[in-house]
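Sharing a structure here in structure tokens format.
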Amino acid sequence: MASPSKRFALPSSLPRRSVLLGLVAAPLTLAACSKDKKKATPPSTTSSTTTTTAAPAPAKPAVTGKGLPQDLLAVLGTLYLGGKVPASGDVASALARRKVLKSSVAVSGTTGRWMGSTVASIVHGKDVTLLVRGTSSWAVVGGWWPSMAVYRPDFPTMRVLAIGSDARPGQPVEKCRGDALHIIGVDHKGVGGIVGIPRDSWVPLSSGGNAKVNAALVFGGAKGQVRTIEKASGVQIDGYVITGFYGFRGMVDSLGGIIFVAKQSLRSVDNFQIVKAGTNKLTSKTALALARERKHLPNGDFGRSANQGELIKAGMVMAQKLGPAQLARLLGLMGSHLATSLTPTQVLNLCASLYLSDTAKVPNRVVPGAIGTREGQSVVLLGSQAQSTFSDMKDGRLGA
């Protein structure tokens, strides 16, 4: 038997370096073989397969608004996110220059009914959009959009006659006397002023003859009252709103009452306290009493007309506090309490001018006149000073 040294003896012909490389390579070869064997092993029947799911596509920008109809939101989507906006005139020209937004937009606002049409007032940040729904779709009729670098188109100059009829419940509003008469002016800056006309002013009536100005409503209805005021003042009247006692109280209730700051206390002819000096929360009853009271005022009919103008301004403040998003809802509430020649587009823009006006700076004037007698009646005679005030209102702004 060969000795161990001989059994493992290397051939003498192999170089020593090859022997050394072989010894070093042997473990690597075994490892490689071991790996190859593991790869050849059939996979376990318990192995699982992982499925990769693609990431969802980003949501497309949209306009959302709680409680607003879908067709209205669709128009607002076009307005904010791109496309041709249903609008006309100056509004369409202004919106053609807008910079559309790239992300979703959340809006708020209300809708309401005004003289048979549906109107909407929508707010997004400092943006305000006014819309009217026609027979089949919505149209943008006014507003301003700073988020898209669009300032509002100018408000058209308007002079609106507000008529307060002395019609009691059940009486025809347009066949009673026009005891409260005020021209409200609006220009491109907003509300430009209020001019009160004493009800006893002696003027030529549009229906013929001379009489107190409040009689024009009895003989010619609201249109006759408008024509009489135009003839007496020289001011173009672009529309009117008219209400009676019941309607006036309904409008005050729609606002939730009116905050009124009185310079002095005032009692009614029925001897109840209407207002105290300072801040008062008027109900519909006390607001109507304030609008009618003249006998306890030192300047009678002139003072009453001035108080009526201040009530209009106080109502403006209440609407401002509620904000433009509530405008359409308010119009819906008030529409049933009055009659008007104003279209939905006109009334939306007229009311929107409130939100850009400093109510404290809106002038409230009563045309001056002398007390005289005509046909056995105590009347107010309008002279040159009254004509000067009327002339100042022709452009829709007093003192401009």
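The values are calculated or read from the model by the stated rules, or taken from the named source; none is laboratory data. Just so you know, these numbers come straight off a predicted model, no measurement behind them. Note: ideal-geometry Cβ built from the backbone for every residue, glycine included; neighbour counts use all protein chains shown. We work out accessible area using only protein heavy atoms, side chains counted, and drop any ligands, DNA or RNA first. Shrake-Rupley method; radii C 1.70, N 1.55, O 1.52, S 1.80 Å.
Where residues in the range 195-216 are in a strand (DSSP E or B), open to solvent by less than 40 Å² (accessible area, probe 1.4 Å) and touching a residue at least 24 places away in the same chain (Cβ under 8 Å), which of them is nearest to Ile229 (Cα to Cα)?
Only one residue tops the list, namely Val203.
I'd like the residue in the range 273-294 that is open to solvent by 60 Å² or more (accessible area, probe 1.4 Å), touching a helix residue (DSSP H, G or I) at 6+ places or on another chain (Cβ under 9 Å) and not in a strand (DSSP E or B) and, out of all such residues, is farthest from Ala180 (Cα to Cα).
The selected residue is Thr283.
Right, another one. Starting from the range 327-338, take each residue that is over 9 Å from Arg113 (Cβ atoms) and list its partners that are of a type in the set (Phe, Trp, Tyr) and part of a helix (DSSP H, G or I), counting only C-beta distances under 9 angstrom and pairs at least six apart or across chains.
Cβ pairs passing all conditions: Leu327/Tyr355; His337/Tyr246; His337/Phe248; Leu338/Phe248.
How many residues does the range 356-400 contain that are touching a helix residue (DSSP H, G or I) at 6+ places or on another chain (Cβ under 8 Å) and assigned to a strand (DSSP E or B)?
Of the residues in that region, 6 qualify.
With respect to the numbered conditions (1) part of a strand (DSSP E or B); (2) over 22 Å from Asp90 (Cα atoms), which one is the sole condition not fulfilled by Leu131?
(2)
One line per residue, one yes/no per condition, for (1) β-branched (Val, Ile, Thr); (2) touching a strand residue (DSSP E or B) at 6+ places or on another chain (Cβ under 8 Å):
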{"site": "Ile122", "(1), (2)": "yes, yes"}
{"site": "Ser147", "(1), (2)": "no, yes"}
{"site": "Thr157", "(1), (2)": "yes, yes"}
{"site": "Pro172", "(1), (2)": "no, no"}
{"site": "Asn210", "(1), (2)": "no, yes"}
{"site": "Ala216", "(1), (2)": "no, yes"}
{"site": "Gly221", "(1), (2)": "no, no"}
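Kindly check whether there is at least one residue in the range 372-386 that is closer than 23 Å to Ser117 by Cβ, touching a residue at least 40 places away in the same chain (Cβ under 8 Å), open to solvent by less than 30 Å² (accessible area, probe 1.4 Å) and not hydrophobic (A, V, I, L, M, F, W, C).
There is no residue in the range 372-386 that is closer than 23 Å to Ser117 by Cβ, touching a residue at least 40 places away in the same chain (Cβ under 8 Å), open to solvent by less than 30 Å² (accessible area, probe 1.4 Å) and not hydrophobic (A, V, I, L, M, F, W, C).
Specify which of the listed residues (Asp301, Asp270) is more than 20 Å from the chain's Cα centre (by Cα), open to solvent by less than 40 Å² (accessible area, probe 1.4 Å) and among the charged types (D, E, K, R).
Asp301
How many residues does the range 68-86 contain that are open to solvent by 30 Å² or more (accessible area, probe 1.4 Å), closer than 17 Å to Leu130 by Cα and outside any helix (DSSP H, G or I)?
Qualifying residue count for the region: 3.
Any chance the range 117-127 includes a residue that's open to solvent by 40 Å² or more (accessible area, probe 1.4 Å) and not in a loop (DSSP other than H, G, I, E, B)?
Yes; the residues of the range 117-127 include at least one that is open to solvent by 40 Å² or more (accessible area, probe 1.4 Å) and not in a loop (DSSP other than H, G, I, E, B).
Take the conditions more than 20 Å from the chain's Cα centre (by Cα), open to solvent by 40 Å² or more (accessible area, probe 1.4 Å) and of a type in the set (A, V, I, L, M) and apply them to Ala306. Does it pass?
The answer is no for Ala306.
When you go through (1) surrounded by 17 or more Cβ atoms within 10 Å (Cβ to Cβ); (2) touching a residue at least 60 places away in the same chain (Cβ under 8 Å); (3) over 14 Å from the mean Cα position of the chain (by Cα) one by one for Gly142, which number turns out not to apply?
(3)
Out of the residues in the range 95-116 meeting the condition of being open to solvent by less than 30 Å² (accessible area, probe 1.4 Å) and at pLDDT 95 or above, tell me which one is nearest to Trp145 (Cα to Cα).
Out of the qualifying residues, it is Leu95.
Still on this structure, please answer the following. Within the range 164-180, is even one residue surrounded by fewer than 22 Cβ atoms within 10 Å (Cβ to Cβ), touching an Asp or Glu at 6+ places or on another chain (Cβ under 9 Å) and over 21 Å from Gln225 (Cα atoms)?
No, the range 164-180 contains no residue that is surrounded by fewer than 22 Cβ atoms within 10 Å (Cβ to Cβ), touching an Asp or Glu at 6+ places or on another chain (Cβ under 9 Å) and over 21 Å from Gln225 (Cα atoms).
I'd like to check something: does the range 319-327 contain any residue that is within 20 Å of the chain's Cα centre (by Cα), under 13 Å from Val191 (Cβ atoms) and either among the polar types (S, T, N, Q) or not in a strand (DSSP E or B) (or both)?
yes
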